[in-house]
Amino acid sequence: MSLVYKIDVLACLKKAGYNTNTIRKRKLFSESTLQKFRTGEMVSADNINMICKLLQLQPGDVLAYVDDEPTPTEPDTGD
């Protein structure tokens with residue numbers, strides 16, 4: 001199970017007027033958080049909240065759950 005971004009966070013922020021220089025200057029996200037956006041790594045809930053606030057989105061607009069593990073089968077009861 002994993003969460004993935006449904007959007008390109010940095011591209012959407014840039015389109016909304018938040019380029020990386022503005023983000024750094026206003027201290028909206030740390031450099032390590034920006035790098036996580038670039039590589040698709042998950043960030044903290046506080047950072048997801050900030051994305052939603054800046055882009056006026058809901059978390060479901062930003063993230064998707066991807067089931068990458070097989071579903072467990074029912075245990076054999078021997079009947």
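The values are calculated or read from the model by the stated rules, or taken from the named source; none is laboratory data. Every value quoted in this text rests on a predicted model; they were computed, and no experiment measured them. Every residue, glycine as well, gets a Cβ built from its backbone with ideal geometry; the counts of neighbours run over all protein chains shown. Keep in mind that these areas ignore ligands, DNA and RNA; they rest on the heavy atoms of the full protein, side chains included. Shrake-Rupley method; radii C 1.70, N 1.55, O 1.52, S 1.80 Å.
Per-residue ellipticity at 222 nm from helix content only, as computed over the chain with -39500 (n - 2.57) for each DSSP H run of at least four residues, stands at -12000 deg cm²/dmol. Taking the accessible area of the chain, probe 1.4 Å, and keeping the other protein chains in place, the carbon and sulfur fraction comes to 51%.
Net charge of the neighbourhood of Asp46, taken over other residues with C-beta under 14 Å away and scored Lys/Arg +1, Asp/Glu -1, is +3. For Cα extents along the principal axes in Å, the value computed from the atomic coordinates appears in the list (1) 66, 23, 18; (2) 57, 25, 18; (3) 47, 28, 19 under label (1).
Residue-wise HN-Hα couplings along the stretch 47-56, as the Karplus relation 6.51 cos²θ - 1.76 cosθ + 1.60 with θ = phi - 60° gives them from phi, are 6, 4, 4, 5, 4, 4, 5, 5, 9, 6 Hz; Gly and Pro carry x. The residues of the chain have, on average, 74 Å² of accessible surface per residue, using a 1.4 Å probe with all protein chains present. In order along the stretch 19-30, the phi-based Karplus estimate (6.51 cos²θ - 1.76 cosθ + 1.60, θ = phi - 60°) of 3J(HN,Hα) comes to 6, 4, 5, 5, 4, 5, 4, 8, 6, 6, 9, 6 Hz; Gly and Pro are listed as x.
Ranking Tyr65, Tyr5 from most to least accessible surface, computed with a 1.4 Å probe over the protein chains only, gives Tyr65, Tyr5.
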